[in-house]
Amino acid sequence: MSEHAEKLASEAHAVPPWAIALLFRLHNSIRSAVRAQLATSTASDLSAEVHVGAGDVSFGIDVPAEDLVRKVASEAPEPILVVAEGIGTQVFPEGADAAAARVCLIVDPVDGSRELMYQKRSAFILSGIALVRGDAPDLSDVVLGLVTELPPSTQSRGVQAWAVRGQGAYEQLWDLDATSPVGEERRLHTSQATTIRGGFATFVHYFPGTHAPIGRLADEVLAAVLGPVEPGKAGAFEDSYLSTGGQLYLLASGKYRLVVDARPLLAAGRRPLSAHPYDLAGPALLAEESGAVVTDLDGKPLHYPLDTGTDCGYVGYANDEIHDEVWPELDPALRRLGSTD
C-alpha cells in the first residue's frame with residue numbers, strides 16, 4: 001500500500017485508514033488472481049460468458065475478481081457501501097446496517113476484459129472512495145481514486161496509479177513476478193501540448209451502430225479544429241482502446257490529448273453499451289489531478305450518481321489550452337448528434 005496515499009487521503013479528507021488499506025489490498029489481490037488466471041487458462045475459458053451482472057456481462061476472467069470484491073469487503077471493520085460491476089450496490093459485511101456506512105467504494109474489478117482475455121492489451125482495476133455524508137454521493141464526491149494495470153502474461157511489469165482530490169496524482173511501477181514496487185513513485189502529468197494536432201485525439205466508437213455517427217462527429221470536429229485534410233499528412237491519431245480506465249490513464253500520463261465518449265447521445269434504438277460510473281470514478285479523478293479537464297457532454301463537471309446503471313458520457317482534455325481549442329467546435333457538434341441521430 002502507498003503510505004503517501006494514506007497520509008494524503010486521511011489528512012485531506014478524513015478517509016479512514018482501514019478503508020485505504022482495504023482498497024489497496026483489494027487491488028493487489030485481484031491483480032495476483034488475474035495474473036494466475038492468465039497463466040493457466042485458455043482464451044475460450046476467459047471469454048466464456050458466465051452471467052449477466054450489474055452493469056455488464058461477466059466473463060470467465062471477471063468472476064474471480066468479483067468474488068474477491070465480496071471477500072475483501074466482508075473483512076471491513078465497519079459497514080462499507082460497495083458499488084461494483086457484476087455485483088451491484090451492497091453493504092458489507094453481510095447484514096451490516098447500511099445507515100452506519102460512512103465510506104462508499106465504487107469498483108470495476110476488470111475494466112477492459114475483452115482486451116485482456118485474448119491477451120491483446122492491458123485491462124485495469126478501477127476504484128474510487130467517497131465519504132457518505134447524508135445525500136447519495138456522486139462522482140464529484142470521490143476523494144481517492146486507484147487504478148491498477150492488469151497486463152497480458154507476456155508483460156512482467158505494470159503500473160499502479162492513485163490520486164487524492166486536491167493533492168495530485170502519482171504512479172508506481174511494479175514487478176509483477178516479484179510482486180514488488182520498482183523505483184520511486186512518480187507524479188503524473190498530462191501532455192503540455194497546446195493543440196491536438198499530431199497527437200492522439202480519440203472518439204469512442206467500439207461497437208456496431210457507433211461507427212458511422214461517431215465517425216461523422218469526429219471528422220466534423222477535427223476538420224473544424226485542424227482544417228481540411230492535407231493529402232499525405234496525418235492531422236491527429238485515433239486509438240480505440242476497449243477500456244475507459246485505459247483511455248483515461250493514457251490521458252493522465254500524457255499519451256492522449258483528447259478523448260470523447262458520446263455514446264449516450266446516440267438514439268436509444270442504436271445505443272450500445274456505454275460507460276458507467278464505476279468506469280469513471282477512479283480514472284476521472286486520476287486524470288483531473290494530473291492536469292486534465294474532464295467534463296460531461298454538456299461541458300459541466302461530472303456529477304453522475306455512484307451506481308451501476310447510469311450511462312455516462314464524458315470528454316477529457318489534456319489541459320486548458322486543448323479544451324479551449326476543441327470545445328467551441330465540439331459543443332455544437334455534440335448538440336447536433338444528440339438531436340439528429
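The values are calculated or read from the model by the stated rules, or taken from the named source; none is laboratory data. Every value quoted in this text rests on a predicted model; they were computed, and no experiment measured them. As a convention, Cβ positions derive from the backbone with ideal geometry for all residues, glycine included, and neighbour counts pool all protein chains shown. These area figures cover heavy atoms from the full protein model, side chains too; ligands, DNA and RNA do not enter into them. Shrake-Rupley method; radii C 1.70, N 1.55, O 1.52, S 1.80 Å.
Of the listed requirements (1) part of a helix (DSSP H, G or I); (2) in contact with a Ser or Thr (Cβ under 7 Å, 6 or more places away or on another chain), Arg336 misses just one: (2). No other residue among Pro213, Pro283 is of a type outside the set (Ser, Thr, Tyr), closer than 23 Å to Pro328 by Cα and assigned to a helix (DSSP H, G or I) apart from Pro213.
Restricting attention to segment 222-245, the residues that are among the small types (Gly, Ala, Ser) and open to solvent by 40 Å² or more (accessible area, probe 1.4 Å) total 5.
Considering only residues in segment 171-202 that are under 12 Å from Gly291 (Cα atoms) and either modelled with pLDDT under 95 or not hydrophobic (A, V, I, L, M, F, W, C) (or both), the one that is most open to solvent (accessible area, probe 1.4 Å) turns out to be Gln192.
Screening Phe24, Phe92 for residues that are among the aromatic types (Phe, Trp, Tyr) and buried (at least 20 other Cβ atoms within 10 Å of the Cβ) leaves exactly one candidate, Phe92. Residues in segment 115-141 that are small (Gly, Ala, Ser) and open to solvent by 30 Å² or more (accessible area, probe 1.4 Å): Gly134, Ala136, Ser140. Of the residues making up segment 309-333, those that are surrounded by 14 or more Cβ atoms within 10 Å (Cβ to Cβ), of a type in the set (Asp, Glu) and not in a loop (DSSP other than H, G, I, E, B) are Glu321, Glu325, Glu329, Asp331. Of Val82, Val63, all but one fail to be among the β-branched types (Val, Ile, Thr) and open to solvent by 10 Å² or more (accessible area, probe 1.4 Å); the exception is Val63.
Hey, among the residues in segment 27-60 that are among the charged types (D, E, K, R) and modelled with pLDDT of 90 or more, which one's most open to solvent (accessible area, probe 1.4 Å)? The extreme case among them is Arg35.
The set of residues in segment 207-218 being open to solvent by less than 70 Å² (accessible area, probe 1.4 Å) and more than 24 Å from Ile322 (Cα to Cα) consists of Phe207, Gly209, Thr210, Ala212.
When Leu258, Leu306, Leu285 are checked against the criterion of being over 30 Å from Gln90 (Cα atoms), at pLDDT 95 or above and either open to solvent by less than 40 Å² (accessible area, probe 1.4 Å) or of a type outside the set (Val, Ile, Thr) (or both), Leu258 stands alone in meeting it.
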